[in-house]
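Structure, as structure tokens:
The values are calculated or read from the model by the stated rules, or taken from the named source; none is laboratory data. These numbers come from a predicted model, not from an experiment. FYI the Cβ positions are ideal-geometry reconstructions off the backbone, even for glycines, and counts take in every protein chain you see. Accessible surface is based on the protein model in full, side chains and every heavy atom, while ligands, DNA and RNA are left aside. Shrake-Rupley method; radii C 1.70, N 1.55, O 1.52, S 1.80 Å.
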Amino acid sequence: MSSKEKPTLGGQRIKTRKRNIAAPLDPASFSDAIVQIYLDNAGDLELVAKSVESSDLNFSRYGDTFFEVVFIGVRTQPGTIKPEEEGERHPYSLIDCAAQREAIVPYVLFIQKTLRRRPFLIKSLENVMRKFLQSLEFFEENERQKLAIFTALAFSQKLSGLPPETVFQPLLKDNLVAKGIVLSFITEFFKEYLKDNSLDDLIGLLKKGKMEDNLLEFFPSTKRTSEALSEHFTKEGLTSLVEYNDKKMFEVKLKEIKSTLTTMINEEAEISEVTEVVKQQVKDAKFPDIEVVRMLWDVLMEAVQWSGKNQQQNSNSALRQVNAWAGLMNAFCTSGKLELELIYKVQTQCYEDAKLMKLFPEIVRSLYDQDVLAEDTILLWFRKGSNQKGR
């Protein structure tokens, strides 16, 4: 007889794990429910906010649909901003109101109140705004104006957690920029935002959106010049923005010229060669003569090889630099006014820099001996010098 066990018919019960079966997406029903809330309250946003707050609708799942209904009164077709043909629509959306801040502020406050109650919806707001801004060409001009005013007010009211890059980066689509749609939108945005905020606030916003140095990117490629920017924003009454951009462009060009000049000085290039290069860059940048004189002196002193605490060596190094490059200074100090500006610049630096504290008379004497400064200029400075630093 075999000792092996005989097989039996009794099987082992296998316990099956219960799975959560996700309900299928149904944005249409959600959209209809939100639209009905608007209709029931005749578009009164205070009452709509209360109804939304007490609602048990699944906002976490249909957040994008919610904001689509808020902005345009109906949900959109997937991947577009075209309204869904089926389903209800209400006439109390953002793009249905007047293109005035008084009419749009309540929408900003309504969304702000909703986000405080349901902060997770901020991501859905970002998604919908990004989609609409990338599709501005499909909106009517007055609808784009309303979106621009809303966006400006949203930042003015510091709408909970809305990042600036969500607004500025989607605008840089080539086709939108080329058609001038972006320039029109951003101009309306700037005008509205500056009604409640300072230029510094706007620049801070642009920095967060990584756009403070790229205002020209909002312009079509054929108009992407400083002159076109100045003309456009001046015409629109945004002169403070023009002044800011001029200052930024000046700083950029000044940095470029300083870099070129420093390299040539360190390489001990011929004075005549350096002079020609600087003159051409100054001409291209349209630099004021006074700024050129100040810049030249700064670069010359920055290029000096200082030797720590040895005062005598520092003095000798500074004077050698002045004597070596006096010809460059002479090429740009072409009037008594510019010579006087150079004396003021030297005086101020000698007053503020301990390494040069006692060198002022020697530097002026050296510049006089090299024919950079005229005797009349030095006497005029002595009699009527206006700079009190180290007087």
Residue check for T239: surrounded by 14 or more Cβ atoms within 10 Å (Cβ to Cβ) and modelled with pLDDT of 90 or more = no
Could you give every pair whose Cβ atoms fall below 9 Å, whose first residue belongs to segment 19-41 and is part of a loop (DSSP other than H, G, I, E, B), and whose second residue is open to solvent by 100 Å² or more (accessible area, probe 1.4 Å) and at pLDDT 90 or above, counting only separations of at least 6 or pairs across chains?
-> N41/K50
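Condition check: within 30 Å of the chain's Cα centre (by Cα), modelled with pLDDT under 90 and open to solvent by 60 Å² or more (accessible area, probe 1.4 Å). Does V252 satisfy that?
Numbers: within 30 Å of the chain's Cα centre (by Cα): yes; modelled with pLDDT under 90: yes; open to solvent by 60 Å² or more (accessible area, probe 1.4 Å): yes.
Criteria met by V252.
Let's see how each residue does on (1) aromatic (F, W, Y); (2) crowded, with 18+ Cβ neighbours inside 10 Å; (3) assigned to a loop (DSSP other than H, G, I, E, B):
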position	(1), (2), (3)
K207	no, no, no
E212	no, no, yes
E227	no, no, no
Y244	yes, yes, no
K248	no, no, no
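In the set N58, N127, which member is farther than 23 Å from K195 by Cβ, within 27 Å of the chain's Cα centre (by Cα) and modelled with pLDDT under 95? It would help to see each step written out before you state the result.
Details: N58 fails: within 27 Å of the chain's Cα centre (by Cα).
Residue meeting the stated conditions: N127.
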Given the conditions (1) at pLDDT 90 or above; (2) closer than 20 Å to K258 by Cα; (3) among the β-branched types (V, I, T), which single one is not true for V304?
-> (1)
Out of the residues in segment 179-205 that are in a loop (DSSP other than H, G, I, E, B) and within 23 Å of S135 (Cα to Cα), which is nearest to the chain's Cα centre (by Cα)?
-> G180
Go through segment 81-104 and count every residue that is farther than 24 Å from A152 by Cα and open to solvent by less than 50 Å² (accessible area, probe 1.4 Å).
-> 2
